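Novice: Have a look at this one.
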Amino acid sequence: MMLSKRLAAECIGTFWLVLGGCGSAVLAAAFPDVGIGLLGVALAFGLTVLTMAFAIGHISGCHLNPAVTAGLVAGKRFPANEAIPYIIAQVVGAVIAGGVLYLIASGKDGFSTAGGFASNGYAEHSPGQYSLLACLVSEVVMTFMFLFVIMGATDKRAPAGFAPIAIGLCLTLIHLISIPVTNTSVNPARSTGVAVYVGGWALVQLWAFWVAPIVGGILGGIGYRAIAEDAK
């Protein structure tokens with residue numbers, strides 16, 4: 001498959017992840033009487049990955065996430081020379097999705113990004129007021145486990161056809177655990193896609209949601225590869 005087509009797929013896929021996941025948080029989480037809450041937002045993020053994995057997994061691999069791309073490079077599942085184009089496509093898709101979400105959300109009287117606009121944060125901007133250290137540990141560990149599941153579910157020895165389900169459910173579980181801590185990133189593109197519209201503190205703290213997920217992703221890719229090689 002041509003690189004340009006794979007990049008287009010990554011852009012569209014990441015657009016869907018941010019619009020579906022962050023959109024559920026901004027538009028539906030606390031909607032009067034029928035708000036979907038934390039459980040609904042967690043499920044929404046998982047569903048975006050599950051649906052796109054079936055839709056574009058055979059085109060681009062459905063990374064949708066710079067940390068996943070970095071982890072797959074570290075795990076020897078993806079060529080390093082294609083990582084930067086993939087990451088750029090993912091960020092572009094995320095920022096476009098953030099813009100669409102902003103246009104929709106701002107159509108309601110009283111809308112303001114002061115509520116966070118689903119941005120990730122630490123310390124006073126953590127939903128549960130968790131410290132920077134706690135937030136970094138959470139993001140590293142959660143992304144490590146995400147890559148571990150991705151690597152395992154897509155291993156040639158794993159049951160065929162079920163990888164999207166395992167990966168989508170893993171992302172749902174990750175959100176159930178860590179939304180109170182950081183609002184759950186595990187994805188630098190997702191974090192960037194909404195932070196650029198909030199500005200201020202969201203951009204100041206954005207570094208953490210690039211560094212920690214990428215570190216966790218790389219460790220996850222290396223960790224699974226080490227175990228998988230021992231198992232052969």
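Novice: Applying the selection to the stretch 114-154, what residues are in contact with a Phe, Trp or Tyr (Cβ under 6 Å, 6 or more places away or on another chain), within 16 Å of residue 191 (Cβ to Cβ) and in a helix (DSSP H, G or I)?
Specialist: 125, 132, 135
Novice: Take the residues in the stretch 70-122 that are touching a residue at least 60 places away in the same chain (Cβ under 8 Å) and on the phi > 0 side of the Ramachandran plot, then tell me which one is surrounded by the fewest Cβ atoms within 10 Å (Cβ to Cβ).
Specialist: 76
Novice: Please work out which one of (1) open to solvent by 50 Å² or more (accessible area, probe 1.4 Å); (2) within 30 Å of residue 82 (Cα to Cα) is the condition residue 10 fails and give its number.
Specialist: (1)
A quick yes/no check of all residues on (1) more than 23 Å from residue 5 (Cα to Cα); (2) touching a strand residue (DSSP E or B) at 6+ places or on another chain (Cβ under 6 Å); (3) modelled with pLDDT of 95 or more:
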site: 73; (1), (2), (3): no, no, yes
site: 77; (1), (2), (3): no, no, yes
site: 82; (1), (2), (3): no, no, yes
site: 102; (1), (2), (3): yes, no, yes
site: 105; (1), (2), (3): yes, no, yes
site: 110; (1), (2), (3): yes, no, no
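Novice: Of the residues in the stretch 47-71, how many are part of a loop (DSSP other than H, G, I, E, B) and among the hydrophobic types (A, V, I, L, M, F, W, C)?
Specialist: From the stretch 47-71, those part of a loop (DSSP other than H, G, I, E, B) are 61-65; that's our starting set.
Within this subset, residues satisfying the condition of being among the hydrophobic types (A, V, I, L, M, F, W, C) are 62, 64.
Qualifying residue count, the stretch 47-71: 2.
Novice: Same structure again: Given the criterion in contact with a Gly (Cβ under 9 Å, 6 or more places away or on another chain), of a type in the set (Gly, Ala, Ser) and part of a helix (DSSP H, G or I), identify the matching residue among 8, 30, 44, 83. If you could, list the steps in order and put the result at the bottom.
Specialist: Numbers: 8 fails: in contact with a Gly (Cβ under 9 Å, 6 or more places away or on another chain); 30 fails: part of a helix (DSSP H, G or I); 83 fails: in contact with a Gly (Cβ under 9 Å, 6 or more places away or on another chain).
None of the other options fit; the residue is 44.
Novice: With the condition kept exactly as written, say whether any residue in the stretch 168-175 is surrounded by fewer than 24 Cβ atoms within 10 Å (Cβ to Cβ) and out of contact with any helix residue (DSSP H, G or I) (no Cβ under 7 Å at 6 or more places or on another chain).
Specialist: yes
Novice: Filter the stretch 138-169 for residues that are free of Cβ contacts under 8 Å to residues at least 40 places away in the same chain and of a type outside the set (Phe, Trp, Tyr) and give the result.
Specialist: Applying the first criterion (free of Cβ contacts under 8 Å to residues at least 40 places away in the same chain) to the stretch 138-169 yields 149, 153, 156-162, 166.
Passing the criteria: 149, 153, 156, 157, 158, 159, 160, 161, 166.
Novice: Yes or no: residue 178 buried (at least 20 other Cβ atoms within 10 Å of the Cβ), under 26 Å from residue 105 (Cβ atoms), under 14 Å from the mean Cα position of the chain (by Cα) and free of Cβ contacts under 8 Å to residues at least 60 places away in the same chain?
Specialist: Details: buried (at least 20 other Cβ atoms within 10 Å of the Cβ): yes; under 26 Å from residue 105 (Cβ atoms): yes; under 14 Å from the mean Cα position of the chain (by Cα): yes; free of Cβ contacts under 8 Å to residues at least 60 places away in the same chain: yes.
It is true that residue 178 is buried (at least 20 other Cβ atoms within 10 Å of the Cβ), under 26 Å from residue 105 (Cβ atoms), under 14 Å from the mean Cα position of the chain (by Cα) and free of Cβ contacts under 8 Å to residues at least 60 places away in the same chain.
Novice: Quick one: would you say residue 70 is small (Gly, Ala, Ser) and touching a Ser or Thr at 6+ places or on another chain (Cβ under 8 Å)? Quick ask: steps written out before the conclusion?
Specialist: Details: small (Gly, Ala, Ser): yes; touching a Ser or Thr at 6+ places or on another chain (Cβ under 8 Å): no.
Criteria not met by residue 70.
Novice: Restricting to the stretch 53-64, count the residues that are under 15 Å from the mean Cα position of the chain (by Cα) and either on the phi < 0 side of the Ramachandran plot or among the acidic types (Asp, Glu) (or both).
Specialist: Residues in the stretch 53-64 being under 15 Å from the mean Cα position of the chain (by Cα) and either on the phi < 0 side of the Ramachandran plot or among the acidic types (Asp, Glu) (or both): 2 in total.
Novice: Read through the list (1) among the polar types (S, T, N, Q); (2) open to solvent by less than 10 Å² (accessible area, probe 1.4 Å); (3) in contact (Cβ under 8 Å) with a residue 60 or more places away in the chain; (4) assigned to a helix (DSSP H, G or I), then give the number of the only condition that residue 192 fails.
Specialist: Status for residue 192: all satisfied but (2).
Novice: Does residue 41 fit the bill of being of a type in the set (Val, Ile, Thr) and open to solvent by 50 Å² or more (accessible area, probe 1.4 Å)?
Specialist: Numbers: of a type in the set (Val, Ile, Thr): yes; open to solvent by 50 Å² or more (accessible area, probe 1.4 Å): no.
In short, no.
Novice: Here's something else I'd like to know. For residue 210, indicate whether it is touching a His at 6+ places or on another chain (Cβ under 8 Å), assigned to a helix (DSSP H, G or I), more than 14 Å from residue 98 (Cβ to Cβ) and not basic (Lys, Arg).
Specialist: Values: touching a His at 6+ places or on another chain (Cβ under 8 Å): no; assigned to a helix (DSSP H, G or I): yes; more than 14 Å from residue 98 (Cβ to Cβ): yes; not basic (Lys, Arg): yes.
So residue 210 fails the test.
The values are calculated or read from the model by the stated rules, or taken from the named source; none is laboratory data. All values reported here derive from a predicted model rather than from experimental measurement. We place every Cβ from the backbone using ideal geometry, glycine too, and count neighbours over all the protein chains shown. Calculation scope for accessible area: heavy atoms of the full protein, side chains included, ligands and nucleic acids excluded. Shrake-Rupley method; radii C 1.70, N 1.55, O 1.52, S 1.80 Å.
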